[in-house]
Amino acid sequence: QVQLVESWGGLVQPGGSLRPSCSASGFTFHYYVIKWYRQAPGKGREGVAGDTKDGGVKNYTESEKGRFTNSRDNSKNTVYLQMNSLKDEDTAVYYCKAEGTGVSDRYWGQGTEVTVYS
């Protein structure tokens, strides 16, 4: 079974850093683009970082620009979301998503919670 498991979210103070991970199994990891999304309380899910496999690491909004970096370790079937200079508005559940070439070839993880508090 295809599975994506996010972990290493948690509580962090504003200005701090966190590095959630997304571990994959059940598919050929390096064939897939792995992206990060988040969903804040009361808001919709939004993309936050792309994948180096998909034209390089990307930030999808100005809010994450220069702060969030998605990196890939194919040997471990894992991607990491390095988040620096965290803000209160970064509080959300963070999800990874694997994307193959077909529209139906998409898989979501269950998410990991990130809470930024002062």
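Where the second residue is among the hydroxyl-bearing types (Ser, Thr, Tyr) and not in a strand (DSSP E or B) and the first is closer than 11 Å to residue 118 by Cβ and lies in the stretch 3-17, which pairs have Cβ atoms under 8 Å and are six or more apart or on separate chains?
Partner pairs satisfying both residue conditions: 12/117; 13/117; 13/118; 14/117; 14/118; 15/85.
Under the condition of being among the charged types (D, E, K, R) and not in a loop (DSSP other than H, G, I, E, B), which residue from the stretch 74-118 is surrounded by the most Cβ atoms within 10 Å (Cβ to Cβ)?
90
Can you find a residue in the stretch 32-41 that is of a type outside the set (Val, Ile, Thr), exposed (fewer than 12 other Cβ atoms within 10 Å of the Cβ) and over 18 Å from residue 108 (Cβ atoms)?
Yes - at least one qualifying residue is present in the stretch 32-41.
Has the stretch 43-58 got at least one residue that is modelled with pLDDT of 90 or more, of a type outside the set (Asp, Glu), part of a strand (DSSP E or B) and open to solvent by 20 Å² or more (accessible area, probe 1.4 Å)?
The answer is yes, given that some residue of the stretch 43-58 is modelled with pLDDT of 90 or more, of a type outside the set (Asp, Glu), part of a strand (DSSP E or B) and open to solvent by 20 Å² or more (accessible area, probe 1.4 Å).
Can you tell me how many residues in the stretch 1-24 are surrounded by fewer than 20 Cβ atoms within 10 Å (Cβ to Cβ) and either assigned to a loop (DSSP other than H, G, I, E, B) or in contact with a Leu (Cβ under 8 Å, 6 or more places away or on another chain) (or both)?
Qualifying residue count for the region: 13.
With respect to residue 95, determine if the residue is within 19 Å of residue 34 (Cα to Cα) and in contact with an Asp or Glu (Cβ under 9 Å, 6 or more places away or on another chain).
Yes: the conditions hold for residue 95.
The values are calculated or read from the model by the stated rules, or taken from the named source; none is laboratory data. All values derive from a computational prediction rather than experimental measurement. Cβ atoms come from the backbone with ideal geometry, glycine included; neighbour counts cover every protein chain shown. Note: areas computed on protein heavy atoms with side chains; ligands, DNA, RNA excluded. Shrake-Rupley method; radii C 1.70, N 1.55, O 1.52, S 1.80 Å.
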